[in-house]
Amino acid sequence: MSTQKKLRVATTSLAGCFGCHMSFLDIDERLIDLLELVEFDRSPLNDIKRCGTQGPIDLGLIEGGVCNAENVLVLREFRKNCKILVAMGACAINGGLPAQRNHLDLRSILEAVYETEGGLARGTRIPNDPELPLPLNKVHPIHEVVKIDYFLPGCPPSADAIWQFLTDLLAGRTPHLGHGLLHYD
């Protein structure tokens, strides 16, 4: 085992499908090699029962777009604690699928979903509870809210692309993803 100090890594997700985290887990047995170099503060590899990180993080990976007030708070807090922040996947980079609602009026969407759609109980109304995060008028890519150090494209990025990106970054190299590593399924 190396005596070199391990880098602290954390991940989080905003508005998206969690597909980027699934691709991260698809690194499979290479996760064991990764664990020799990093310590996970919060990720799908450990039991997450708290919001935020436990102190400063060397590398943060974040997926998903920003669609509500809670996403803004989580993103700003995550950025504050990460030395390096990576926008992972199409939703984080450009809003992805959640941003498909951006060309529609938010009120009209909420009315259609909660008040006029068939099968709803009579008198159903748009929820208005302080426990629910306030939706933003549009879904934003995360770089519109905080500074991003690196962008890892894909929908989702493949496990091989994530592995290449992380190993380059951990070795002190500028991450480079060749033609075969980027795809949008």
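The values are calculated or read from the model by the stated rules, or taken from the named source; none is laboratory data. From a predicted model like this one, the values you see are computed outputs, not experimental measurements. Glycine also receives a Cβ, built like all others from the backbone with ideal geometry; neighbour counts cover every protein chain displayed.
Mind checking whether some residue in region 150-160 is without any contact (Cβ under 8 Å) to a residue 60 or more places away in the chain and within 17 Å of the chain's Cα centre (by Cα)?
no
Scan region 172-185 and give yes if some residue there is outside any helix (DSSP H, G or I), touching a strand residue (DSSP E or B) at 6+ places or on another chain (Cβ under 8 Å), of a type in the set (Asp, Glu) and without any contact (Cβ under 8 Å) to a residue 60 or more places away in the chain, otherwise no.
Looking for residues that are outside any helix (DSSP H, G or I), touching a strand residue (DSSP E or B) at 6+ places or on another chain (Cβ under 8 Å), of a type in the set (Asp, Glu) and without any contact (Cβ under 8 Å) to a residue 60 or more places away in the chain, one finds at least one in region 172-185, hence yes.
Tell me yes or no: at least one residue of region 21-39 is within 20 Å of Ala87 (Cα to Cα), at pLDDT 90 or above, touching an Asp or Glu at 6+ places or on another chain (Cβ under 7 Å) and of a type outside the set (Lys, Arg).
The answer is yes; a qualifying residue exists.
Kindly check whether there is at least one residue in region 129-140 that is outside any helix (DSSP H, G or I), more than 18 Å from the chain's Cα centre (by Cα) and touching a residue at least 60 places away in the same chain (Cβ under 8 Å).
Yes: region 129-140 contains one or more residues that are outside any helix (DSSP H, G or I), more than 18 Å from the chain's Cα centre (by Cα) and touching a residue at least 60 places away in the same chain (Cβ under 8 Å).
Just to check your reading of the model, which residue among Pro133, Pro127, Pro157 is buried (at least 16 other Cβ atoms within 10 Å of the Cβ) and not aromatic (Phe, Trp, Tyr)?
Pro157
Can you say whether Ile84 is assigned to a strand (DSSP E or B) and surrounded by fewer than 18 Cβ atoms within 10 Å (Cβ to Cβ), as far as the supplied structure shows?
yes
Based on this model, can you work out whether Thr53 counts as closer than 24 Å to Pro141 by Cα, among the β-branched types (Val, Ile, Thr), assigned to a loop (DSSP other than H, G, I, E, B) and at pLDDT below 90?
yes
Just checking, which of Ala121, Ala112, Ala92 is of a type in the set (A, V, I, L, M, F, W, C) and in contact (Cβ under 8 Å) with a residue 60 or more places away in the chain?
That would be Ala92, the only listed residue that is of a type in the set (A, V, I, L, M, F, W, C) and in contact (Cβ under 8 Å) with a residue 60 or more places away in the chain.
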